Amino acid sequence: ARLLTWSGSELRARFTGRTLTLRFASRHWGTAHYAVEVDGQRQVLSVPGQSDGEWTLRAPLGEGPHELRLRKRTEAGMGEARLLGLLLEEGAELLPPPPPRPLRLEFYGDSITAGACLGDPGDDQYDDLFFHDGTRAYGAQTAERLGADYVGIAVSGIGITATWGDTLMPQVWQRLAPRLDAPVADADDRAPDVVLVNLGQNDHGFPASKGQRMAADFAPRYLAFVRQLRARYPEARLVLLIGGMTAWQAEPALPQALQAAVDTLRREGDRRVWTYRFEAFAWAHPRLDVHTRMADELTRFLTTEVLP
């Protein structure tokens, strides 16, 4: 079984035969939505919470080979399931999987990175998560454009010093799910080439909703989190992002903290660290058009400043 928790989680497989069935099990309360592509044809699959079930591709296939791409749209904590396996017809076979893509991007963020409300037709809402889509958020779009593997560790409401939920990012960033009882993930077989962090919106937004200021120690705690990432990924390029919503405009201490973290690390000899502030933003959660502009910006920045 493979646990599918974080938005953007992806499984790929190659197989022969004319049919395909996927078997899922969920012990979580929320419905999880997935994008399923077979030979590039995309469909949407929904797995209800607290259920076991099978999903069968209705359209008949040729003999193959075929390629499956399964990606989780729903963000972590809102819905999760386990893929128990692929069922193939008699005589068909599972082939060696597609090779890893040459570049690997790993994002740490909040609702912006998770693609929350990305497709909401009206106001922001969390009642129907079908319209939320981490596979089309700015980070996933950027990875797609660069032909990169994508990892998105992102939770709505989370921050470094404040949260709308129960956990802070430094508590869950290494776990298989955004909860304190989730196991710590084993070291990846392949470390990311670029690690990107977009946090701070909720460090400002949550206390501001209560008429309070952002935590005075945000900057040192942010730097401490970045140091954790650097310790786990000593060879990766680190990009500290801010933006997509408006917290950095309302609280100048946010971009200042990012720049201070970069300056500190560079003084210590770390030359593989950058900061970037998005020009594209939304007053509420960004919709698809804003995510696309953010991906335009980030793709340019990575290709011109970070990856060469």
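Summary of values
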| quantity | calculated |
| --- | --- |
| Counted residues, the range 203-241 - those being of a type in the set (Ser, Thr, Tyr), assigned to a loop (DSSP other than H, G, I, E, B) and open to solvent by 40 Å² or more (accessible area, probe 1.4 Å) | 0 |
| Qualifying residue in the range 145-168 (condition: farther than 30 Å from GLY211 by Cβ, of a type outside the set (D, E, K, R) and assigned to a loop (DSSP other than H, G, I, E, B)) | yes |
| Residue in the range 295-304 that is of a type outside the set (S, T, N, Q) and assigned to a loop (DSSP other than H, G, I, E, B) present | no |
| Any pair with Cβ under 7 angstrom, 6 or more apart, that starts in the range 270-290 at a residue that is without any contact (Cβ under 8 Å) to a residue 40 or more places away in the chain and ends at one that is surrounded by 16 or more Cβ atoms within 10 Å (Cβ to Cβ) and part of a loop (DSSP other than H, G, I, E, B) | PHE281/MET245; ALA282/MET245 |
| Residue in the range 34-53 that is closer than 27 Å to ALA154 by Cα, hydroxyl-bearing (Ser, Thr, Tyr), open to solvent by 20 Å² or more (accessible area, probe 1.4 Å) and not in a loop (DSSP other than H, G, I, E, B) present | yes |
| Subset of the range 179-202 (residues that are open to solvent by less than 30 Å² (accessible area, probe 1.4 Å) and out of contact with any strand residue (DSSP E or B) (no Cβ under 8 Å at 6 or more places or on another chain)) | ASN202 |
| Candidate set from the range 66-101 (those that are over 19 Å from the mean Cα position of the chain (by Cα), open to solvent by 30 Å² or more (accessible area, probe 1.4 Å) and not aliphatic (A, V, I, L, M)); member that is farthest from HIS33 (Cα to Cα) | GLY91 |
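The values are calculated or read from the model by the stated rules, or taken from the named source; none is laboratory data. All values reported here derive from a predicted model rather than from experimental measurement. In this analysis, Cβ positions are derived from the backbone assuming ideal geometry, glycine residues included, and neighbour counts consider all displayed protein chains. In case anyone asks, the SASA skips ligands and DNA or RNA and just uses the protein heavy atoms, side chains included. Shrake-Rupley method; radii C 1.70, N 1.55, O 1.52, S 1.80 Å.
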